[in-house]
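Q: Mind looking over this structure? Questions follow.
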Ligand SMILES: CC(=O)N[C@H]1[C@@H](OP(=O)(O)OP(=O)(O)OC[C@H]2O[C@@H](n3ccc(=O)[nH]c3=O)[C@H](O)[C@@H]2O)O[C@H](CO)[C@@H](O)[C@@H]1O
């Protein structure tokens, strides 16, 4: 029977998308793949190939609420670990790869107990809470962003953030700089949408000079509760727009886009660079240790994006930036090229190589 890898991930889409990219790559290399996640993570697993086995573990996320709710968590986590150990004992995986998030805990602990080689991938320049605990224990941390602050005892290797196959298929797709034709704008707030983009982007686009605004075609992701008002605003302003809580065809929409306005989550930036599109980024200021600002500044530094701090975001200011890019084709093209030059399209293959190395014993992976 072919070798099996357990991919442990959960929480938001931010952990699940790179996990999906590795799953696709390991399948293509002839491995059997199991995704270990909780019920919430499973909601983001729709894009995983059907051949990936799913193992839903009890949620290890710390409970909000009273003492009773909190007291149950260790029991749930313990149960999840015991179940993981039992499954791995029956069908021993060759490796376990964690992508962060509480749902990755049971499989990583079980692998440690059974001495199955482990590896973790961290998407941001700052380790997430769960990855921080495992980093010194697993020995090797595959990093999506560089540099990444690592605790003592952990070794990091920069591989980039793996992007899904559907994104890779659009890698370097030719960019049509803004001109005298419809102007496609993609507005995305990460896997869960962002209220601030619903508040500020529509009035900013409405404030553009008429000759620009009349040609706009907007795809905007909005939170469920905001969809109707954003749709109504665009309709009243006669701006062509599609508003959805989540687009399943981001690679296609990003490829068409002349400009992307987005939050600065790690996979969003990885998609932007692999496809190669200019962006205005509005980092989520409350992200742990402000890692989205760090992510975004990396792209700004190479000339691929402009960064606007949440606190300074106004419709007028944003309109000026959008207008400047949409009326300056050479600049938009230079930004698109800079994004592409910063891409790491081979991240999933490199991560898969690390898994191979780990089990071949070429790299030290303490278990
Ligand atoms: C609020 C927050 O803390 N977010 C974190 C979360 O990001 P979050 O969960 O928002 O995810 P990312 O920005 O990393 O990835 C979002 C992914 O969803 C895709 N997409 C988006 C909208 C849509 O309609 N359809 C669609 O397919 C994007 O193209 C991208 O591939 O995890 C990331 C990785 O740890 C972090 O860098 C982020 O800071």
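The values are calculated or read from the model by the stated rules, or taken from the named source; none is laboratory data. Please read all numbers here as calculations on a predicted model, not as lab measurements. Cβ coordinates were reconstructed from backbone atoms using ideal geometry, including for glycine residues, and neighbour counts include every protein chain displayed.
Q: Would you call residue 193 modelled with pLDDT under 95 and either assigned by TED's automatic domain parsing to the domain that holds residue 14 or surrounded by 17 or more Cβ atoms within 10 Å (Cβ to Cβ) (or both)?
A: Details: modelled with pLDDT under 95: yes; either assigned by TED's automatic domain parsing to the domain that holds residue 14 or surrounded by 17 or more Cβ atoms within 10 Å (Cβ to Cβ) (or both): yes.
Here the answer is yes, as residue 193 does meet what is asked.
Q: How many residues are in a strand (DSSP E or B) and touching a helix residue (DSSP H, G or I) at 6+ places or on another chain (Cβ under 6 Å) if we restrict to the stretch 37-77? Spell out how you get there, then give the answer.
A: Step one: list which residues in the stretch 37-77 are in a strand (DSSP E or B), which gives 37, 53-56.
Cutting the leftovers down to touching a helix residue (DSSP H, G or I) at 6+ places or on another chain (Cβ under 6 Å) gives us 37, 56.
Adding up the residues that qualify gives 2.
Q: Can you pull out every residue in the stretch 12-36 that is in contact with a strand residue (DSSP E or B) (Cβ under 7 Å, 6 or more places away or on another chain) and part of a helix (DSSP H, G or I)? Let's see the steps before the verdict.
A: Quick first cut of the stretch 12-36, residues in contact with a strand residue (DSSP E or B) (Cβ under 7 Å, 6 or more places away or on another chain) only: 18-19, 22-23, 26-27, 31-36.
The answer is 18, 19, 22, 23, 26, 27.
Q: Does residue 266 satisfy the criteria of being within 8 Å of the ligand (Cβ to nearest atom), modelled with pLDDT under 95, crowded, with 19+ Cβ neighbours inside 10 Å and farther than 23 Å from residue 207 by Cβ?
A: On the way: within 8 Å of the ligand (Cβ to nearest atom): yes; modelled with pLDDT under 95: no; crowded, with 19+ Cβ neighbours inside 10 Å: yes; farther than 23 Å from residue 207 by Cβ: yes.
Answer is no for this residue.
Q: Starting from residues that are part of a strand (DSSP E or B) and within 16 Å of the ligand (Cβ to nearest atom), keep the ones in the stretch 159-201 and report whichever is nearest to residue 100 (Cα to Cα). Even if it seems obvious, please write down each step before you answer.
A: The first filter runs over the stretch 159-201 and keeps only residues part of a strand (DSSP E or B), leaving 183-188.
Subsequent filtering for residues that are within 16 Å of the ligand (Cβ to nearest atom) retains 184-188.
Working: 184: 34, 185: 31, 186: 28, 187: 26, 188: 23 Å.
So, considering only residues that are part of a strand (DSSP E or B) and within 16 Å of the ligand (Cβ to nearest atom), the one nearest to residue 100 (Cα to Cα) is 188.
Q: Mind checking which residues of the stretch 92-109 are more than 20 Å from residue 79 (Cα to Cα) and either out of contact with any helix residue (DSSP H, G or I) (no Cβ under 7 Å at 6 or more places or on another chain) or within 13 Å of the ligand (Cβ to nearest atom) (or both)?
A: Step one: list which residues in the stretch 92-109 are more than 20 Å from residue 79 (Cα to Cα), which gives 94-95, 97, 99.
Matches in the stretch 92-109: 99 only.
Q: To continue, here is another question. Say whether the condition of being within 21 Å of residue 332 (Cβ to Cβ), touching a strand residue (DSSP E or B) at 6+ places or on another chain (Cβ under 7 Å), surrounded by 17 or more Cβ atoms within 10 Å (Cβ to Cβ) and touching a residue at least 24 places away in the same chain (Cβ under 8 Å) is met by at least one residue in the stretch 158-175.
A: Keep residues of the stretch 158-175 that are within 21 Å of residue 332 (Cβ to Cβ), which gives 167, 170-175.
When the remaining residues are screened for being touching a strand residue (DSSP E or B) at 6+ places or on another chain (Cβ under 7 Å), the result is none.
No.
Q: Among 319, 324, 336, 348, which is outside any loop (DSSP other than H, G, I, E, B) and surrounded by fewer than 15 Cβ atoms within 10 Å (Cβ to Cβ)?
A: Working: 319 fails: surrounded by fewer than 15 Cβ atoms within 10 Å (Cβ to Cβ); 336 fails: surrounded by fewer than 15 Cβ atoms within 10 Å (Cβ to Cβ); 348 fails: surrounded by fewer than 15 Cβ atoms within 10 Å (Cβ to Cβ).
Of 319, 324, 336, 348, the one residue that is outside any loop (DSSP other than H, G, I, E, B) and surrounded by fewer than 15 Cβ atoms within 10 Å (Cβ to Cβ) is 324.
Q: Under the condition of being part of a loop (DSSP other than H, G, I, E, B) and surrounded by fewer than 16 Cβ atoms within 10 Å (Cβ to Cβ), which residue from the stretch 276-312 is nearest to the ligand (Cβ to nearest atom)?
A: At the first step, the residues of the stretch 276-312 found to be part of a loop (DSSP other than H, G, I, E, B) are 276-278, 282-287, 302-304, 308-309.
Narrowing the set further to residues that are surrounded by fewer than 16 Cβ atoms within 10 Å (Cβ to Cβ) leaves 285-286, 302, 309.
On the way: 285: 10, 286: 8, 302: 18, 309: 15 Å.
Checking each candidate, the answer is 286.
Q: Determine, yes or no, whether residue 144 is in the same structural domain as residue 351 (by TED's automatic domain parsing) and within 12 Å of the ligand (Cβ to nearest atom).
A: On the way: in the same structural domain as residue 351 (by TED's automatic domain parsing): yes; within 12 Å of the ligand (Cβ to nearest atom): yes.
It is true that residue 144 is in the same structural domain as residue 351 (by TED's automatic domain parsing) and within 12 Å of the ligand (Cβ to nearest atom).
Q: Looking only at the stretch 262-286, how many residues end up being in contact (Cβ under 8 Å) with a residue 40 or more places away in the chain and more than 18 Å from residue 333 (Cβ to Cβ)? Let's see the steps before the verdict.
A: Initially, the stretch 262-286 is screened for residues in contact (Cβ under 8 Å) with a residue 40 or more places away in the chain, giving 262-280, 282, 284.
With the extra rule that they be more than 18 Å from residue 333 (Cβ to Cβ), the set shrinks to 262-271, 282, 284.
Counting residues in the stretch 262-286 that are in contact (Cβ under 8 Å) with a residue 40 or more places away in the chain and more than 18 Å from residue 333 (Cβ to Cβ) gives 12.
Q: Restricting attention to the stretch 86-111, which residues are surrounded by 18 or more Cβ atoms within 10 Å (Cβ to Cβ) and assigned to a helix (DSSP H, G or I)?
A: Listed by number, the residues that qualify are 87, 88, 102, 103, 104, 105, 106, 107, 108, 109, 110, 111.
Q: Another question about this same structure. Taking the stretch 7-30, which residues are within 14 Å of residue 352 (Cβ to Cβ) and either touching a residue at least 60 places away in the same chain (Cβ under 8 Å) or within 11 Å of the ligand (Cβ to nearest atom) (or both)?
A: 7, 18, 19, 20, 21, 22, 24, 25, 26, 29
Q: Same structure again: Listed residues 112, 80; which is in contact with a helix residue (DSSP H, G or I) (Cβ under 8 Å, 6 or more places away or on another chain), away from the ligand (no atom under 16 Å from the Cβ) and within 25 Å of residue 151 (Cα to Cα)?
A: Details: 80 fails: within 25 Å of residue 151 (Cα to Cα).
Going through 112, 80 in turn, the sole match is 112.
Q: Which residue, of 227, 212, is touching a residue at least 24 places away in the same chain (Cβ under 8 Å), away from the ligand (no atom under 11 Å from the Cβ) and in a helix (DSSP H, G or I)?
A: Numbers: 227 fails: touching a residue at least 24 places away in the same chain (Cβ under 8 Å).
Sole residue among the options that is touching a residue at least 24 places away in the same chain (Cβ under 8 Å), away from the ligand (no atom under 11 Å from the Cβ) and in a helix (DSSP H, G or I): 212.
Q: Would you pick out the residues in the stretch 146-158 that are part of a strand (DSSP E or B) and more than 27 Å from residue 27 (Cβ to Cβ)?
A: Start the filter on the stretch 146-158 by keeping residues that are part of a strand (DSSP E or B), which leaves 149, 155-158.
Passing the criteria: 149, 155.
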